[in-house]
1. Grab the Cα-Cα distance for Asp181 and Arg504, subtract it from 0.36 nm times how many residues apart they are, and report the gain in nm with one decimal.
2. Of Lys405/Lys493; Lys162/Lys252; Lys206/Lys418; Lys301/Lys418; Lys143/Lys206; Lys106/Lys174, which pairs sit farther than 25 Å apart, going by alpha carbon to alpha carbon?
3. Taking 0.36 nm per residue of separation and subtracting the Cα-Cα distance, what length does fully extending Ser140 through Asp487 add?
4. Applying a 10 Å radius around every beta-carbon, put 170-182, 411-423, 290-302 in order of their mean neighbour count, most first.
5. Could you quote the convex hull projected area for the stretch 259-301, Cα atoms only and averaged over all directions, in nm²?
6. Any idea what % of Cα-Cα pairs in the stretch 359-474 are farther than 22 Å?
7. Would you mind computing, in nm to one decimal, how far apart the modelled labels at Asn224 and Val459 are, each placed 7 Å from Cα along Cα→Cβ?
8. Want the number for Ile396 to Thr469: 0.36 nm per residue separation, take away the alpha-carbon distance, what's left?
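The numbers here are math on the coordinates, done by the rules we state, and not lab data. Keep in mind it's a predicted model, so treat the numbers as computed, not measured. Cβ placement follows ideal geometry from the backbone for every residue including glycine, while neighbour counts extend to all protein chains displayed.
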Amino acid sequence: RPGRSRARWIREGGQAMTALRAAATVAGLISFANGFDTGSVNSNWRRKGLVRRTASAVPGGDSAFHFKPVTLKRVTGSKGDDSNSRSESVNPSTISFNNKLNRMAKEHGGTAAPRVEALLLDALEDYREAVRKSAGGVDSIVKPNTISFTNAITAWARCKRKDSAERASALLDKMHLLYEDGWDFVRPNRVTYNSVITAWSRNGGKGRAARVEDLLHALFAFYNREGGPEDLKPNGRSFNSAIIAVARSRDKGCADRAKHLLDEMGRLYFEGDEELVPEALTFGAIINAYANSKESGASDKAAQLLLHCESLSSFGFELARPNTFLYNACLNAFAKDPSRNGADKAEAMLRAMELDQGGYNIQPDCVSYSTVINAIAMSNALDSGTRADIVLRRMIGKFLSGDPKCRPNVVAYTATIKAHSAAINATLSLDDSADSNESIAFSARRCEDLLQSLCQLYVQNPGPSLKPTTVTFDLVQTVLTQAGDMDGAERTKSMRKSIENNYRQHTRNPR
């Protein structure tokens with residue numbers, strides 16, 4: 001556990017990978033984890049159950065983070081020392097002003113952030129003018145400080161404008177300029193940097209991964225330069241937010257870059273910073289990044305990360321406790337593995353979730369089942385349709401047994417139809433025997449049955465989650481045509497018209 005002594009870590013840590021592999025075997029995963037690079041595992045990380053990549057694998061070269069070996073107290077008399085004006089009492093006008101900015105920053109809509117920034121800059125100019133004129137009563141007027149600027153940056157982080165992240169960064173730059181000019185009371189702190197990182201994490205533009213990485217490095221550099229003040233020390237939120245932002249950026253190599261940050265976080269933890277603990281959401285973001293990367297071996301890297309997270313949780317790190325989102329992210333990585341092996345991994349993990357073999361009381365939901373069915377469809381095997389039907393029936397059975405999270409939807413039904421379509425295409429690629437024709441006809445009829453069931457569900461409970469899509473109808477019409485069932489194709493056209501009429505009627509007269 002986080003509080004245990006380092007010596008105990010070393011004594012007991014050797015059991016980590018053994019326990020990890022045992023858990024993986026139980027979950028039915030380790031037999032699929034081909035290519036695990038156990039030879040490059042750093043011994044320190046082996047004690048933690050953490051897998052570290054070599055520096056040469058890091059895009060862009062060495063980008064390690066370092067804390068200078070200084071006492072974590074400010075040097076007396078240094079610029080920005082805790083004993084100076086930054087820690088002096090704040091006047092009531094400034095407190096009231098900061099409270100107002102904080103309330104405004106929490107407002108929804110795109111207008112709050114510009115208004116907060118305008119108020120801040122106006123107050124800043126008023127204070128500057130009062131100081132320049134040496135006017136009386138300067139101590140009683142609003143004196144914008146670190147909290148004032150951080151509120152404005154937070155407002156931009158919550159704003160959906162395209163330039164929100166740039167505006168947040170501009171305010172951070174302004175704080176540094178003022179601080180360098182001797183305005184110690186506006187020195188940025190960790191919360192300020194974390195807010196700017198959050199702003200970039202919500203920015204959809206290209207290059208945000210690099211901006212977030214630069215911000216994290218800048219925070220470390222500033223922390224070290226200032227002598228290690230506690231309010232500047234990067235914490236778990238700094239790393240978790242940065243890792244998630246990089247992983248979701250979709251920039252080139254974002255999965256490996258996020259994984260490198262995770263490795264650095266663990267290295268710093270081992271060196272003594274026990275606040276740096278990754279969260280399950282962080283692992284899920286990296287796993288999804290690998291799933292979207294389409295790289296060779298991405299699903300194995302996803303499995304490694306899941307096992308890494310499970311090992312941390314087994315040591316008592318509650319923030320790293322796996323959840324359904326994390327498992328679904330790994331299922332997504334398996335689903336995007338083009339080989340049949342990906343479908344096998346996904347089915348094995350789904351079964352482990354159903355049986356709660358990990359001991360985390362995690363049960364599959366609608367996303368879990370739909371993802372596995374899609375993985376089966378992507379395998380393009382002769383038995384894809386049969387296997388998809390089995391998973392769909394298990395999903396329906398779980399829902400009928402009282403689990404509302406497993407309510408079947410259009411995604412699950414369409415994925416099952418897609419699996420039957422894949423089975424038909426696989427059959428057509430082999431031969432034209434009577435058995436093949438019979439198999440094709442069966443899959444085509446099954447697709448029509450699935451469409452009819454979905455349409456009935458939609459009519460009973462109209463809603464977007466059950467409405468058959470254009471893809472759904474097109475798939476069924478195609479397979480029926482492939483099977484030579486022209487009557488079935490016509491019935492499908494009639495069903496499409498009926499559903500569209502029902503949808504228009506429901507839209508005009510909602511219940």
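1. Working: separation 323, 0.36 × 323 = 116.28 nm, distance 6.44 nm.
My answer for the length gained is 109.8 nm.
2. Beyond 25 Å between Cα atoms: Lys405/Lys493; Lys206/Lys418; Lys301/Lys418; Lys143/Lys206.
3. On the way: separation 347, 0.36 × 347 = 124.92 nm, distance 8.48 nm.
Fully extending the segment from Ser140 to Asp487 adds 116.4 nm.
4. On the way: 170-182: 15.5, 411-423: 25.3, 290-302: 20.5.
The densest-packed peptide leads the list: 411-423, 290-302, 170-182.
5. Values: hull surface 12.8 nm².
For the Cα atoms of the stretch 259-301, the hull's average projected area reads 3.2 nm².
6. Working: 2219 of 6670 pairs.
Of all Cα-Cα distances in the stretch 359-474, 33 percent exceed 22 Å.
7. Output for this residue pair reads 7.0 nm.
8. Values: separation 73, 0.36 × 73 = 26.28 nm, distance 2.02 nm.
Taking Ile396 through Thr469 to full extension adds about 24.3 nm, to one decimal.
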